[in-house]
Amino acid sequence: MRFVSYCRVSTQRQGQSGLGLDAQRRAVADYVRTTAGEVVEEFVEVESGRNDARPELKRALAHARATGAVLLVAKLDRLARSVRFIAAVLDSGVEIRACDIPSASRMVLHILAAVGEEEARAISARTKAALQAAKARGVRLGNPHLVGGGDAAMSAKGVAARREKARAHAELVEPFIRDARKAGATSLRQLAAALTARGVRTPRGGSVWQATQVRNLLAIIDEPAQGKAA
């Protein structure tokens, strides 16, 4: 059996939650091994599950359709927790399987998606209620280290979000960097050419890497090591 693997991570680190990229790849590999099948292509998305704009998922579905392969995800919620979105994927003409519920029928997938959607709605409602209660008690919400609040707070939040997204993308690209170095690439230009040849997307979704982009990505990859050394 041929599979097209689709992995998704959000803009936040998910390693400790068990939903990180490595954990998804292990689940996919374990499942494929039990079926004596093979993964013919892997697609990785760095995007929130709340966002329906998923270019990599579209590519994965198109590839699965063209090759007659099965779209395989580690967990159903890696696709979405929206009934409408799951329904659209199921109606795409591609067979879908989730490693955590491999024998689930279309009806079961719809039901599980509905449960996940309701769970997400309940969590959001509880969070809002807890924040309102804390505010009523006089608790000061937000980051106390931000001076001025308002636009300044929103700006700092935006910078943090962009930084986290850049870090998540760097983690996805790092294995390709290692492979390129093993193959003999040493300079930034050689690494950029290797990433371009492998079809790895740039941080902005482009298809052609520049040496400066590789340099910035390597700086992000090296940040954790520098932080620990400090």
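Here, each number is a calculation from the coordinates, and none is a lab measurement. Values in this document were obtained by computation on a predicted structure and should not be read as measured data. Using ideal geometry, Cβ is built from the backbone for each residue, glycine included, and neighbour counts are taken over all protein chains shown.
Assorted remarks:
- Applied to the stretch 180-191, the Karplus parametrisation 6.51 cos²θ - 1.76 cosθ + 1.60 on θ = phi - 60° returns per-residue 3J(HN,Hα) values of 5, 5, 5, 7, x, 6, 10, 7, 4, 5, 5, 5 Hz, with x for Gly and Pro.
- Table column - 3J(HN,Hα) (Hz), the stretch 22-33, Karplus curve with 6.51, -1.76, 1.60, x for Gly and Pro: 4, 5, 5, 5, 5, 4, 5, 4, 5, 5, 4, 4
- Placed amide H near Gln210: partners under 5 Å, 5+ positions off or other chain: none
- Counted charge near Gln210, where neighbours are those whose Cβ lies closer than 15 Å (Asp, Glu -1; Lys, Arg +1): +4
- Overall form of the stretch 17-64 per C-alpha gyration tensor (a/c, 1.5; a/b vs b/c): oblate
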